[in-house]
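To start, the structure under review is shown below, and the notes come after it.
The values are calculated or read from the model by the stated rules, or taken from the named source; none is laboratory data. Computed from a prediction, not measured in an experiment: that's the story for all the values here. Heads up, the Cβs are rebuilt from the backbone with ideal geometry, glycines too, and the neighbour counts pull from every protein chain shown.
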Amino acid sequence: METTYNVKIYKILTYKGARKTTYTVRWVVAGKPWREPFGTVALAEGFRSDLIRATGKGEAFVTATGLPVSHRSKSAAMSWYAFAVQYVDARWPELGGNSRKNTAKTLTAVTVALLRAQPAQFDPVAVRTALREWAFNATRRADAPRDVVAILRWVERNSLPVWAWEDTERVDGVLRAVDTRLDGRQAAAWSRKRHRRILNVVMKHAIRRRVLRANPLPKGKESTAVTRTSNAVDKRSLMNADQAAALLDWIRRRPRGGKRLHAFFATLYYCGLRPEEAVAMRVQDVSLPEPDAADQWCELLIHTATPEIGKQWTDTGEIHEQRDLKGRAEGETRTAPGHPALTRVLRQHIEEERLKPGDLLFQGETGGILAGSVIRRAWRGARKAVLPPHVFDSPTGRRVYDNRHTRLTKWLNDGIPPAQAADWAGNSVPVLLATYARCVEGQLPDLKKRLEAAGDLPEPPDAG
């Protein structure tokens with residue numbers, strides 16, 4: 001921490017704008033100008049008086065912050081690593097498994113960037129693993145193995161204090177570090193945006209605990225310019241009917257668990273469910289019509305999601321975490337219609353598997369929740385076997401989630417009102433339209449006819 005006694009304090013600058021008046025305290029520390037705006041003259045005079053009082057006492061000013069040493073907060077005595085560990089412990093009970101995991105990833109990248117020196121005696125990957133999987137996991141930290149403990153003790157000794165966040169150059173360096181992958185390439189936009197969001201929450205916590213005076217992260221356009229993202233679905237990821245049929249048929253004929261997996265993927269495709277919603281369904285959540293009924297549409301009741309998190313991040317020690325539906329109030333449910341083709345698949349599936357009403361609709365080989373690794377492996381195998389090489393290498397159906405994207409797009413293309421499609425999908429109408437608007441097609445001829453039917457301007461009277 002560099003300090004100086006070379007300080008000059010100027011008169012308060014008053015600026016009368018159209019909406020409000022701003023009072024700015026101006027001072028110079030070691031030749032570097034500093035400014036602090038206030039909404040009232042009393043606040044500005046109080047802050048300026050504090051600066052003058054500090055110079056009168058012969059107090060040194062910190063060159064990185066422009067403030068007297070006495071103005072520095074608790075950050076002077078606390079290392080960033082110690083604060084990050086305290087933050088994790090404070091927030092752990094409030095966060096879900098995914099949030100805990102993402103927080104650990106962000107804090108790991110920041111902590112590595114805030115080391116006095118990079119550890120030459122430890123493998124960089126081992127350091128990151130020790131931080132992510134042990135230091136920033138409230139339930140595992142106490143059980144860390146010896147090699148991990150050695151790494152964490154080194155990190156604790158070499159971690160910069162929290163006041164490093166008051167140095168703008170240091171902040172810029174940290175943000176560059178978290179925006180960069182281990183291979184040196186820039187991280188994906190959604191990843192950078194997630195890091196910023198988590199860091200802002202961490203900074204607010206530091207301010208509430210009086211560890212920092214203000215949020216040091218960039219604000220406004222400066223913070224969003226490099227993290228602009230789009231939630232719109234890539235049109236290339238959608239499957240046509242022939243591709244979807246071929247993929248489902250290959251999965252059905254798969255030697256190991258093919259029929260069970262076929263019923264699962266058919267449900268994703270025909271009803272647009274999220275995978276974590278489908279694996280949580282029970283047999284009693286499916287309403288099947290009588291075999292001789294004229295209407296063979298079934299109905300699915302969706303009320304729970306069980307995303308795959310990892311047992312080290314859940315309270316139960318299970319790989320999956322049970323939660324309410326995404327974007328819905330606690331305990332809220334929704335329904336989705338199932339095509340008659342799906343009705344036939346599910347009826348046969350329930351009969352062949354001899355499932356009871358309380359059983360999971362889609363089970364793993366041992367009767368538990370269908371594992372994400374099994375789902376992804378089956379889907380990848382189907383794509384590789386069915387799709388031509390150039391299509392396999394393309395985004396077409398690359399993710400299991402693309403079954404949902406394909407169905408929601410088809411609903412919109414078939415003329416289903418957005419409000420109804422959004423209700424079936426578990427989205428809001430604005431999110432649905434923003435996500436799938438670029439994929440809607442085939443309606444232009446009909447729209448042209450409507451515009452023509454609306455008529456044109458009347459012909460002007462003959463001037464002659």
Please enumerate the residues belonging to the range 309-357 that are out of contact with any Lys or Arg (no Cβ under 8 Å at 6 or more places or on another chain) and small (Gly, Ala, Ser). 327, 329, 331, 336, 338, 341
In the range 278-290, which residue that is part of a loop (DSSP other than H, G, I, E, B) and touching a residue at least 40 places away in the same chain (Cβ under 8 Å) is farthest from the chain's Cα centre (by Cα)? 289
Among the candidates 246, 150, 142, residue that is of a type outside the set (S, T, N, Q), part of a helix (DSSP H, G or I) and in contact (Cβ under 8 Å) with a residue 40 or more places away in the chain: 246
When both residues are 6+ apart or on different chains and their Cβ atoms are under 8 Å apart, which pairs have a first residue that lies in the range 178-194 and is at negative phi, and a second that is of a type in the set (Asp, Glu)? 186/179; 187/179; 192/179
Being assigned by TED's automatic domain parsing to the domain that holds residue 318, among the β-branched types (Val, Ile, Thr) and not in a helix (DSSP H, G or I) narrows it down to one of 375, 416, so name that one. 416
Across the range 336-359, which residue is surrounded by the fewest Cβ atoms within 10 Å (Cβ to Cβ) among those that are farther than 28 Å from residue 410 by Cα and not charged (D, E, K, R)? 358
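Go through the range 313-331 and report how many residues are assigned to a loop (DSSP other than H, G, I, E, B) and out of contact with any Asp or Glu (no Cβ under 7 Å at 6 or more places or on another chain).
11
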Quick check, is residue 321 over 21 Å from residue 272 (Cβ atoms), touching a Pro at 6+ places or on another chain (Cβ under 8 Å) and surrounded by 15 or more Cβ atoms within 10 Å (Cβ to Cβ)? yes
Looking at the range 248-275, which of its residues are farther than 22 Å from residue 356 by Cβ and surrounded by fewer than 22 Cβ atoms within 10 Å (Cβ to Cβ)? 249, 250, 252, 253, 254, 255, 256, 258, 274
Answer with yes or no whether residue 310 is surrounded by 14 or more Cβ atoms within 10 Å (Cβ to Cβ) and assigned to a loop (DSSP other than H, G, I, E, B). yes
Filter the range 426-441 down to residues that are of a type outside the set (Val, Ile, Thr) and under 23 Å from residue 302 (Cα atoms) and give me whichever is surrounded by the most Cβ atoms within 10 Å (Cβ to Cβ). 436
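Is it true that residue 330 is out of contact with any strand residue (DSSP E or B) (no Cβ under 9 Å at 6 or more places or on another chain) and under 20 Å from residue 426 (Cβ atoms)?
Taking the combined requirement at face value, the residue satisfies it.
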Within the range 84-99, is there a residue that is surrounded by fewer than 17 Cβ atoms within 10 Å (Cβ to Cβ), part of a loop (DSSP other than H, G, I, E, B) and assigned by TED's automatic domain parsing to the domain that holds residue 171? yes
Looking for something part of a strand (DSSP E or B), free of Cβ contacts under 8 Å to residues at least 40 places away in the same chain and buried (at least 17 other Cβ atoms within 10 Å of the Cβ) - is there at least one such residue anywhere in the range 291-299? no
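Only one of these is of a type outside the set (S, T, N, Q), modelled with pLDDT under 95 and under 26 Å from the mean Cα position of the chain (by Cα): 321, 365. Name it.
Values: 365 fails: under 26 Å from the mean Cα position of the chain (by Cα).
On inspection, the qualifying residue turns out to be 321.
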